[in-house]
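Structure, as structure tokens:
The values are calculated or read from the model by the stated rules, or taken from the named source; none is laboratory data. All values derive from a computational prediction rather than experimental measurement. Positions of Cβ are generated from backbone atoms using ideal geometry, with glycine treated the same way; all protein chains shown enter the neighbour counts. Quick note on the areas: whole protein, heavy atoms, side chains included, nothing else; ligands and nucleic acids left out. Shrake-Rupley method; radii C 1.70, N 1.55, O 1.52, S 1.80 Å.
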Amino acid sequence: MPTLKIRGAELYFDTYGEPVSGRDPIFLIHCSHITGSVDWSGVAPRLAQEFQVIVPDCRGHGRSDDPAGRDSFREMAADAAALIRALGHKQAHVIGHSNGGNVALVTLMEHPDVVASCIP
């Protein structure tokens, strides 16, 4: 079970595919009250044919904890930026679905240095 301690929370994530030289990974953010793997299970393997794909469970969702009870869009955006960096990437293509789109937008606004492109 891949997890990393990010900003005080243990965040679970799946990766699909291998890093591709010259291509930033795709970072998929799920909607509320669901997990990354449930939300993106049909899409992530297809995208992984050409990109590495990172699919986390946001803090307080699925297999990620939230010991401080801080599951706001701002907190989840900071987690996304920190997870992208912790996995050794300078940037990622950030894509969000529903509330994940809000997290993607806040990631773009507050952490533009890690966003290669953004699709909310």
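Side notes on the structure shown:
- Rounded to the nearest 20, the size of the Cβ-charge dipole of the chain about its Cα centre is 120 debye, with Lys and Arg at +1 and Asp and Glu at -1.
- Sequentially through the stretch 112-120, phi angles give Karplus couplings (6.51, -1.76, 1.60; θ = phi - 60°) of x, 5, 9, 9, 6, 7, 9, 10, x Hz, Gly and Pro residues having no value and appearing as x.
- Cα-based helix-to-principal-axis angle, 73-86 vs the chain, degrees rounded to 10: 50
- Seen through its C-alpha gyration tensor, with square-root eigenvalues sorted a ≥ b ≥ c, the chain comes out rounded because a/c lies under 1.5.
- Of all accessible heavy-atom area on the chain, the percent that carbon and sulfur account for (1.4 Å): 52
- Considering only ILE34, HIS111, LEU11, and ranking their Cα positions along the charge dipole of the chain that arises from unit charges at the beta-carbon of Lys, Arg, Asp and Glu, the one farthest toward the positive end is HIS111.
- Most mobile listed residue (LEU11, LEU83, LEU47) in the chain, GNM with C-alpha springs under 10 Å: LEU47
- Summed residue charge, Cβ within 13 Å of GLY36's Cβ, Lys/Arg positive, Asp/Glu negative: -2
- Rounded accessible area per residue of the chain, 1.4 Å, Å²: 49
- Antiparallel content of DSSP bridges confined to the chain, in %, to 5: 45
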